[in-house]
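Written out below as structure tokens is the structure these notes cover.
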Amino acid sequence: MTEMRDVHLPAQLLAEAEKQFGHQFGTIEELLTFVLRELLRDDASAADLQEEQLVEQRLRELGYL
């Protein structure tokens, strides 16, 4: 089972998020889990792109590209 942690957020912010996205997500926890996963995935994609660019640059410097 996944360990859970408590997070404290402004009530008004949560109310607005529930109002705007409540129909798409069953709970605010599901919404926040989705948002955090997407942010982490985007960071990983950006890191992969940077790594790919670095490899291409090294290959160009070595004359392979």
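Return yes when Leu54 is modelled with pLDDT of 80 or more, in contact with a helix residue (DSSP H, G or I) (Cβ under 6 Å, 6 or more places away or on another chain) and in a helix (DSSP H, G or I) and no when it is not.
So Leu54 fails the test.
Hey, among Gln12, Gln20, which residue is loosely packed, with under 10 Cβ neighbours inside 10 Å and at pLDDT 90 or above?
On inspection, the qualifying residue turns out to be Gln12.
The values are calculated or read from the model by the stated rules, or taken from the named source; none is laboratory data. Nothing here was measured: the structure is a model prediction, and the numbers come from that model. Heads up, the Cβs are rebuilt from the backbone with ideal geometry, glycines too, and the neighbour counts pull from every protein chain shown.
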